[in-house]
Amino acid sequence: MYKVVIAEDEMFVRLGIKMSVDWEKLGMEVAADVENGQQALEAWETFHPDIVITDIKMPVMDGIALIRQIRQKDERTRFIILSCLEEFNIVREALSLGVSDYVLKLTMTQEDMEKVLEKVKRELVVMDKSQKTQENGMERKRFEDSLRNFLYYRLDMGTEWKMKMKEQFSSPGKQMQMVALEIDHYVECKQIFNDSYGSILDSAVENILSELLVEENHILLPEKDGRFIMILEEEPDSEMLSEQMCRRLEKMREVLKRCVKSTVSFAISQRGNGFDELYEMYHQCAQALEKKFFYGLDKNNVFAAQSPDDCKLLIRRKMGRLIQKLKMDDTAVRRFHEAEEGFCQHENPVTIRHYFEHGINVEMCRILPEGTQRYQITEQFMTRLKDSQTFDGVLEVYESCMEYLKGSSQEQTLLSKPVKDILFYISLHYQEDITLDQVSQMVELSRTYVCGLFKKELGVNLTNYIMNYRIEKAKELLRSTNLRSYEIAEKVGFLDESYFSRTFKKVTGQSPNSFKKGV
């Protein structure tokens with residue numbers, strides 16, 4: 001019930017309001033009715049009413065002074081003033097102090113008063129709901145901060161939070177399991193959402209996950225840069241990744257791919273039986289998620305599911321394949337094997353990127369003449385390297401760079417600068433929709449001249465060259481990855497999978513699936 005105090009020096013007006021209004025129907029009760037502002041202030045301090053109905057002119061303390069006194073101490077109390085027509089200038093001053101409404105005493109009816117009270121009640125409902133939301137938000141933030149401190153640093157959460165956690169995850173026969181989710185193409189997603197800081201994107205993902213987990217006993221903890229931690233309940237199972245968990249993760253993957261236009265990677269911890277194991281489970285997820293650099297995106301990375309030697313074998317196999325492709329001399333091969341051993345020892349993506357950044361810089365300086373062009377080309381390769389989220393991606397950028405430099409030093413020595421620039425542009429942007437207008441503007445030549453020059457120097461028209469280039473890239477992905485046909489089509493610049501399949505068969509004589517099986 002909302003409490004009301006009535007302050008009016010005319011007794012019949014005061015009692016008329018008190019007796020005529022159906023307070024119970026409004027969900028209200030009159031805590032006190034008084035005859036001056038001083039008594040009203042004392043009643044406010046005693047009963048803490050939600051609503052004060054006050055006259056303006058009263059003995060001892062008038063209504064304006066009463067409102068000012070209460071407003072200094074409280075912003076929530078709602079005020080309704082009783083006034084006469086000649087007091088309208090004073091009414092305007094009262095409205096500036098946050099008064100909800102006013103009623104003219106001479107024409108006031110029961111319906112008028114109840115209508116105003118209904119309006120004020122709606123204000124209180126909105127205010128209380130907002131306050132509760134704010135308090136819940138603050139409580140949630142305190143809980144999340146405490147949980148993060150425990151997961152990151154093993155700092156004590158406090159008895160209250162521990163008890164709540166234990167109560168929440170106390171289902172008989174069930175265990176806790178932690179899952180870390182990471183948006184794979186987070187930077188690109190922020191651009192799609194026009195969201196520089198990622199707050200809109202993160203909020204959207206959090207809402208989607210909350211909705212998908214609404215029937216599950218869970219805790220969802222947002223981290224940063226598109227990463228989320230989920231603590232879930234699981235039945236004991238001999239497999240670390242149960243069928244039920246697989247279904248959960250696939251549903252999340254499917255919905256998020258549709259809504260935020262990105263694949264997602266998961267890391268799954270071992271199961272635990274108590275709150276104290278969450279610290280270890282978090283670090284298991286962190287370790288498993290780091291492996292996506294080596295094993296690829298859009299996968300479920302289960303902690304300790306792979307042998308410690310699996311990653312080393314993968315590094316050696318892929319480095320060996322790169323050596324074969326680039327046909328390195330003995331000195332370069334020896335240098336690469338030394339780097340390979342370092343990669344196997346540390347398995348650190350940052351170290352690997354730095355190694356290839358250095359290699360690109362050295363080769364650029366060795367082959368290209370000093371100047372603006374070298375700087376621009378180096379910068380473009382460095383940007384691609386920085387954006388590569390996997391070991392395969394890093395190796396692909398390095399290989400592309402070496403192929404470009406090889407062409408610059410040998411085959412392209414007889415080509416004109418515009419054609420060289422076009423070839424380099426295609427190598428960087430083949431995944432995009434390349435138009436003749438874009439190419440012409442880039443080299444600052446007319447469309448007709450560009451087409452003629454390209455055909456004259458390379459013996460193939462520009463459109464066919466781009467198509468063949470994309471098909472060659474598709475063949476590389478079919479040989480070296482487990483990506484689906486539609487994913488490869490997207491990666492090499494085809495917007496339509498069926499068009500990609502028809503073009504691939506026209507160029508190679510095989511469908512993408514047949515080509516993959518024959519590899």
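Checked against (1) buried (at least 18 other Cβ atoms within 10 Å of the Cβ); (2) more than 25 Å from Thr263 (Cα to Cα); (3) in contact (Cβ under 8 Å) with a residue 40 or more places away in the chain, Val507 meets all criteria but (1). Close Cβ contacts (under 9 Å, 6 or more residues apart or on different chains) running from residues in region 282-294 that are among the hydroxyl-bearing types (Ser, Thr, Tyr) to residues that are outside any helix (DSSP H, G or I) comprise Tyr282/Met178; Tyr282/Ala180; Tyr282/Ile229; Tyr282/Ser269. Annotation: of all residues in region 104-145 being of a type in the set (Val, Ile, Thr) and out of contact with any Asp or Glu (no Cβ under 6 Å at 6 or more places or on another chain), the one that is surrounded by the most Cβ atoms within 10 Å (Cβ to Cβ) is Val120. Candidates in region 305-342 are the residues that are part of a helix (DSSP H, G or I) and among the acidic types (Asp, Glu); of these, the one that is farthest from Lys291 (Cα to Cα) is Asp330. When Leu436, Leu453, Leu414, Leu495 are screened for being at negative phi, surrounded by fewer than 16 Cβ atoms within 10 Å (Cβ to Cβ) and modelled with pLDDT of 85 or more, only Leu436 passes. The condition of being at pLDDT below 95 and either crowded, with 16+ Cβ neighbours inside 10 Å or out of contact with any helix residue (DSSP H, G or I) (no Cβ under 7 Å at 6 or more places or on another chain) (or both) holds for Asp237.
Among the residues of region 299-356, those identified as within 18 Å of Cys401 (Cβ to Cβ) and of a type in the set (Phe, Trp, Tyr) are Phe336, Tyr355, Phe356. Scan region 483-492 for residues that are more than 14 Å from Tyr430 (Cα to Cα) and assigned to a loop (DSSP other than H, G, I, E, B) and the total you get is 2.
Yes/no matrix, rows are residues, columns are (1) at pLDDT below 90; (2) part of a helix (DSSP H, G or I); (3) closer than 20 Å to Gly272 by Cα; (4) assigned by TED's automatic domain parsing to the domain that holds Ile81:
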{"residue": "Asn149", "(1), (2), (3), (4)": "no, yes, yes, no"}
{"residue": "Asp156", "(1), (2), (3), (4)": "yes, no, yes, no"}
{"residue": "Glu160", "(1), (2), (3), (4)": "yes, yes, no, no"}
{"residue": "Lys164", "(1), (2), (3), (4)": "yes, yes, yes, no"}
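The values are calculated or read from the model by the stated rules, or taken from the named source; none is laboratory data. Remember, predicted model here, so these are calculated numbers, not experimental data. Counting neighbours? That spans all protein chains shown, and the Cβs are built from the backbone with ideal geometry, glycine included.
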